[in-house]
Amino acid sequence: MTRRLSERQQKILAFLGDYVEENGYPPSIREIGAAAGISSTSVVSYNLRRLEQGGYITRQPDVSRGLRLTHRPGRPVSASVSDDIVRLPLLGRIVAGEPMPVPASDFPLMGDETIELTRDLLGDPEGLYALQVEGNSMIDALVHDGDIVVMRHQQRVENGEMAAVWLREREEVTLKHFYQESNGRVRLQPANPTMKPIYLDDPSLVEVQGKVMMVIRQLK
């Protein structure tokens with residue numbers, strides 16, 4: 001069932017239809033933002049969610065440019081994924097070291113670059129995305145500078161699991177082993193004996209962005 005659209009959402013939908021008819025595939029999130037006059041990718045993603053909820057589009061979060069129009073004539077949008085190959089969006093870099101500032105708007109699960117993996121390695125690809133590691137704080141967990149980590153988008157992990165963690169107060173993100181200690185404190189533990197853990201007394205200042213599912217080694 002469709003729903004009433006805002007002027008901005010109508011503009012996005014019109015652009016999607018025109019772009020698909022001209023190119024045969026959907027635009028990237030940044031192209032949508034540029035066409036609609038939106039600088040934040042988070043705002044674009046919000047409006048795409050509203051279009052999806054209204055039944056105007058369907059989205060595949062495990063596929064870059066994974067949009068399909070349902071209420072606009074034109075060529076169908078291909079997922080560009082075979083039965084055996086899955087393309088995951090490569091959303092940028094994550095620091096395995098001291099946290100570094102990363103704009104929150106860079107986290108929506110849609111990107112322009114992709115990596116290809118076989119479906120038998122991934123299992124269920126829903127909610128998966130990839131990040132390139134910067135730094136060596138996780139070297140004892142066999143995660144090195146330049147490696148690719150495949151993440152599953154989720155907001156809870158078990159103690160000891162490796163996660164991408166957003167530090168709200170610092171507006172920084174880091175890759176660490178996550179621990180919720182018995183006293184309520186959160187410990188973000190590096191896997192490098194030369195580096196100290198990060199302690200946060202207030203758990204509300206920590207937001208898990210995803211869990212590491214796979215590491216892809218970059219040979220040097």
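Below is a table of values for the structure above.
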{"item": "Calculated over the range 7-69: convex hull of Cα atoms, volume per residue (Å³)", "result": "74"}
{"item": "Peptides 29-36, 17-24, 167-174 ordered by average Cβ neighbours within 10 Å, highest first", "result": "29-36, 167-174, 17-24"}
{"item": "Formal net charge of residues neighbouring residue 161 (Cβ-Cβ distance under 14 Å; K, R +1; D, E -1)", "result": "+4"}
{"item": "Under-5 Å amide H pairs with residue 173, H placed in peptide plane, nonlocal only", "result": "100, 102, 167"}
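None of the figures in this text is laboratory data; all of them are computed from the coordinates on show. The structure presented is a predicted model; accordingly, all values stated were derived computationally and were not measured. Note that each Cβ is placed from the backbone with ideal geometry, even for glycine, and that neighbours are counted across all protein chains shown.
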